[in-house]
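I have placed the structure first, in the form of structure tokens, so that the comments after it can refer back to it.
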Amino acid sequence: AKGIISTEENSEFSLMFTPDGRKVYFSRRAPNEKQKIYETKFQNGQWIKPIQSEFSTDRDETPSITPDGKLFFFGSERAIPNKPNQGNFDMNVWMMNKTNNGLTNPEPLPFPINDVQVEGEEWPSSNNNFLFSIDNRTFYFTTMTRGSKSIKLYTTIYSNGEFSEPIEVGGLFD
């Protein structure tokens, strides 16, 4: 969708289609601005002009939708309530549920998936901006946990509205 989603003046990345393929969310960074999440619909054989997503109020990126379309995740630099970031850059995953009235208000995922930086930490320590699933239950994400020396891949199970303790996925980058 040249000129609609992919533009000359902006940097667009991280496209995510709804399960029916009729709507797409993507990250867009305009010059000298923080990236936001935009959305567009496929109507009458073409993608219409994108609009900034209503929930995208800070530096937001990497939208992700579960295959059943019920959960929506995105990375955001917004502050987690009652957990101030003390490092130099903090990005965490936020979640919304799809209802008959649209999407719920974004809520940050709990620790240990999200973890704010402590004093003196720098990117990429404790940052996480992308969570995805191919089966609505098993999720994957990358982060550099406190005290480690590199970003690693983790998995967690979502059941009864909660995420299990993340487990490192080994063998890929060893």
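The values are calculated or read from the model by the stated rules, or taken from the named source; none is laboratory data. Fair warning: this is a prediction, and the values are worked out from it, not measured in the lab. We place every Cβ from the backbone using ideal geometry, glycine too, and count neighbours over all the protein chains shown. With ligands, DNA and RNA removed, areas are computed over all heavy atoms of the protein, side chains included. Shrake-Rupley method; radii C 1.70, N 1.55, O 1.52, S 1.80 Å.
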## Note on the structure
For segment 1-134, dividing by residue count, accessible area per residue (probe 1.4 Å) in Å² works out to 56 Å²
#### Entry: Global geometry of segment 86-174, whether rounded, prolate or oblate, following the gyration tensor of its Cα atoms and the 1.5 cut on a/c
oblate
### Summary
In the structure shown, of LYS2/LYS152; LYS83/LYS152; LYS41/LYS83; LYS49/LYS83; LYS83/LYS149; LYS70/LYS149, the pairs separated by more than 27 angstrom at the C-alpha atoms are LYS2/LYS152; LYS41/LYS83; LYS49/LYS83; LYS70/LYS149
### Message
Could you compute the net charge surrounding SER76? Neighbours are other residues with a C-beta less than 12 Å from the C-beta of SER76; K and R count +1, D and E count -1.
### Response
-2
#### Entry: Gained length - ASN136 relative to ASP68, 0.36 nm times residue gap less alpha-carbon distance
23.8 nm
#### Entry: Local electrostatic count, TYR154, Cβ distance below 13 Å [Lys/Arg +1, Asp/Glu -1]
-2
### Message
Against the 2.2 N^0.38 Å scaling, with N counting residues, where does segment 9-101 land? I'd like the Cα-based Rg ratio to two decimal places.
### Response
1.15
### Task
Would you mind listing how long the chain runs along its three principal axes, going by Cα atoms, in whole Å with the largest first?
51, 39, 36
### Message
What is the distance in Å between the Cα centroid of segment 1-65 and that of segment 94-128?
### Response
20 Å
